[in-house]
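These notes are about the structure you will find just below.
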Amino acid sequence: MANNKIGNRSEEPALKGTAVAPSNIALSKYWGKRNDELTLPLNDSISMTLSEVKTVTTVEFSNKYQEDVVAIGDSSSPITQVEGSKKKRVVKQLNRLRKAGETNFPAKVVSKNNFPMGTGIASSASAFSALTAACIQALNLKASPQEQSILTRLAGSGSATRSVFGGFVLWHAADNSDESYAEQLYSPDYWDLSDVILVVSEEEKKHSSLFGHSLIKTSPFFKARLEFVRKTNEQLLAALENKDFKALGEALEREMFVFHSTAMTSQPSLLYWSPKTIEVLKQVRQLRQGGLEVYATLDAGPNVHLITPTGQAEKLVSYVKNLKLVNKIYHCRIGEGVRYTNQHLF
Ligand code: PMV
């Protein structure tokens, strides 16, 4: 068992690693932490891993670098070196992994998303999952999937812990840090659902989810939400087991409204929606009346995720294209979890 422990290197470390991690969409949201330092959530959350929105990250630990260098790019901005709080979050995770890998070498990190960052497509989920995985590979650390999930969680973006796995994923809030990991409930081919992501704005949000988590207790709906999300998770689990799309859709859409009501009624109030978001939400109701099976959810941003059976996704895409509300559409199926590649970014 000792060999399986995080931090035990199996052989001479290859000091460069590259990982590709998917984003995921929460069907029930993680919102609020009971422990900031350990990123322990207030509630269990359930997600779907997405096939088309990803982060690729290469990490190299070497004494040829004087200090840690972090460079990030996305679909609308070239890879550029970052400083300040963005760099600090990455360096904190590098330090944790350096300790586990018993190295003091500075690192170079280059990371690229194929979608816009900070707009509610969970870029921190794919980014911190890819960063952690690339470090595990570079340092040749032995970590079981559960241990990788815990290490990823500690990076501070809780949703990243779910991106380690493909398919439908549950992150346990649990009673202690060693038990708060994500696990796959069903593999990607269990149920052919799609997430049609409508990008109505590519502007980076003003308030990070990090800030949002810290405000939850200021909402008068705080306790009610925790009770509600507990029941929602039961409904989601039953809907998944029975492949009951109507039950799944109704539960996830209602949960989205409860989550955003909590954010809107926090102090200060967080309003992530734009006028286009509301227009899309109204259209979703009309589409349902017209017989299409589609439900909406949103993370902490204005962009709308439309969950639909894949058989109906093409019809949905052509309808929303005609609306002229949308800058970009990503049609995602249910995707695989983290994978490794030798195609390094540098
Ligand atoms: O993982 P964070 O700290 O970026 O927070 C994610 C918060 C939501 O996206 C709104 C919900 C979730 O569970 O993904």
Only listed residue being surrounded by fewer than 23 Cβ atoms within 10 Å (Cβ to Cβ), modelled with pLDDT of 95 or more and within 16 Å of the ligand (Cβ to nearest atom), chosen from Ala182, Ala173, Ala127 = Ala173
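Mind checking which residues of the range 319-339 are part of a loop (DSSP other than H, G, I, E, B), open to solvent by 60 Å² or more (accessible area, probe 1.4 Å) and more than 19 Å from Leu292 (Cα to Cα)? Let's see the steps before the verdict.
So the first thing to find is which residues in the range 319-339 are part of a loop (DSSP other than H, G, I, E, B), and the list is 324-327, 333, 335-338.
Right, trim to open to solvent by 60 Å² or more (accessible area, probe 1.4 Å) and you get 324, 327, 333, 336.
Lys324, Asn327, Glu336, listed by residue number.
Being of a type in the set (S, T, N, Q), under 25 Å from Leu27 (Cβ atoms) and within 16 Å of the ligand (Cβ to nearest atom), is that true of even one residue in the range 105-112?
First, the residues of the range 105-112 that are of a type in the set (S, T, N, Q): 111.
Next cut, under 25 Å from Leu27 (Cβ atoms) only: none.
No: the range 105-112 contains no residue that is of a type in the set (S, T, N, Q), under 25 Å from Leu27 (Cβ atoms) and within 16 Å of the ligand (Cβ to nearest atom).
From Val69, Val110, Val91, Val59, grab the single residue that is at pLDDT 95 or above, within 25 Å of Ser208 (Cβ to Cβ) and open to solvent by less than 10 Å² (accessible area, probe 1.4 Å).
Numbers: Val69 fails: open to solvent by less than 10 Å² (accessible area, probe 1.4 Å); Val110 fails: open to solvent by less than 10 Å² (accessible area, probe 1.4 Å); Val91 fails: open to solvent by less than 10 Å² (accessible area, probe 1.4 Å).
Result: Val59 is the single residue among Val69, Val110, Val91, Val59 that is at pLDDT 95 or above, within 25 Å of Ser208 (Cβ to Cβ) and open to solvent by less than 10 Å² (accessible area, probe 1.4 Å).
Name the residue that is modelled with the highest pLDDT, counting only residues in the range 72-86 that are open to solvent by less than 30 Å² (accessible area, probe 1.4 Å) and not small (Gly, Ala, Ser). Don't jump to the end; show me each part of the working.
Restricting attention to the range 72-86, the residues satisfying the condition of being open to solvent by less than 30 Å² (accessible area, probe 1.4 Å) are 73-74, 82.
Now drop any that are not not small (Gly, Ala, Ser), which leaves 74, 82.
Details: Asp74: 89, Val82: 96.
Across the range 72-86, the extreme among qualifying residues is Val82.
Answer with yes or no whether Met264 is modelled with pLDDT of 95 or more, open to solvent by 20 Å² or more (accessible area, probe 1.4 Å), under 30 Å from Lys86 (Cβ atoms) and of a type outside the set (D, E, K, R). Talk me through it step by step, then tell me what you get.
Details: modelled with pLDDT of 95 or more: yes; open to solvent by 20 Å² or more (accessible area, probe 1.4 Å): yes; under 30 Å from Lys86 (Cβ atoms): yes; of a type outside the set (D, E, K, R): yes.
Yes.
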Contacts under 7 angstrom Cβ, first residue in the range 330-346 being closer than 19 Å to Ser123 by Cβ, partner in a loop (DSSP other than H, G, I, E, B) and aromatic (Phe, Trp, Tyr), 6 or more apart = Tyr330/Phe115; Gly337/Phe165
Residue hits (the range 32-66; away from the ligand (no atom under 16 Å from the Cβ) and over 17 Å from the mean Cα position of the chain (by Cα)) are Thr58, Val59, Glu60, Phe61, Ser62, Asn63, Lys64, Tyr65, Gln66
Just to be sure, is Ser85 part of a helix (DSSP H, G or I), among the polar types (S, T, N, Q) and within 16 Å of the ligand (Cβ to nearest atom)?
-> yes
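Can you name the residue in the range 130-149 that is within 18 Å of Ile79 (Cβ to Cβ) and within 16 Å of the ligand (Cβ to nearest atom) and, of all such residues, is surrounded by the fewest Cβ atoms within 10 Å (Cβ to Cβ)?
Out of the qualifying residues, it is Leu131.
The values are calculated or read from the model by the stated rules, or taken from the named source; none is laboratory data. Since the structure is predicted, the reported quantities are computational estimates derived from the model, not experimental observations. Glycine gets a Cβ as well: all are built from the backbone with ideal geometry, and neighbour counts include every protein chain shown. The accessibility values were calculated without ligands, DNA or RNA, using every heavy atom of the protein model including side chains. Shrake-Rupley method; radii C 1.70, N 1.55, O 1.52, S 1.80 Å.
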